[in-house]
1. Can you pull out every residue in the range 53-99 that is touching a Phe, Trp or Tyr at 6+ places or on another chain (Cβ under 8 Å), surrounded by fewer than 15 Cβ atoms within 10 Å (Cβ to Cβ) and hydrophobic (A, V, I, L, M, F, W, C)?
2. For the range 23-50, give me the residue count where each residue is part of a helix (DSSP H, G or I) and under 18 Å from M1 (Cβ atoms).
3. Determine whether S93 is in contact with a strand residue (DSSP E or B) (Cβ under 9 Å, 6 or more places away or on another chain), in a helix (DSSP H, G or I) and modelled with pLDDT under 95.
Amino acid sequence: MILTKEFLEQQKACDEGIQIAFDNKYLGQEYSDVIRDLIRINQKDFAGWMIEQKTTESYVRANGKVFTLEIYQVFNPLTGIHTEYQTEAEAKSAIAEIAKEVIKTHKPTVCASLTNENGDSTWIPVDLVQNVQVIIE
């Protein structure tokens, strides 16, 4: 991939990083060559930032023409873990199971206002839902 000012701006590069790109005439050069030169001139922070950008969607899209979704990663908020699935169907199934666990763990409750003829009132729990069905489309 060729390094451009537009790419740096899209990735929200800092002003100092953009200036280094201008000062060293990196714009228009091959991305990997720029990283190697940044390391050579002891600009390791900027080189590291550029290496990190290689894992972003915009880098992958800017550096290719044919794109496929191959592996899916589902985040479980209860465990804080991402798990990979080979197919979209497996990922959807995992999402449904996680959603059921979230609902079981953080069970939504419903209360209704109970009022008497004297104007006294209180909130009481009511069981409106017997089963919850999770559908992922």
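1. Correct list: V60, I71, I81.
2. Start the filter on the range 23-50 by keeping residues that are part of a helix (DSSP H, G or I), which leaves 23, 31-40, 44-50.
Okay, now just the ones that are also under 18 Å from M1 (Cβ atoms), so 31-39, 46-50.
Of the residues in that region, 14 qualify.
3. yes
The values are calculated or read from the model by the stated rules, or taken from the named source; none is laboratory data. This structure is a prediction, so every number in the text was calculated from the model and none was measured. Note that we place each Cβ from the backbone using ideal geometry, even for glycine, and neighbour counts take in every protein chain shown.
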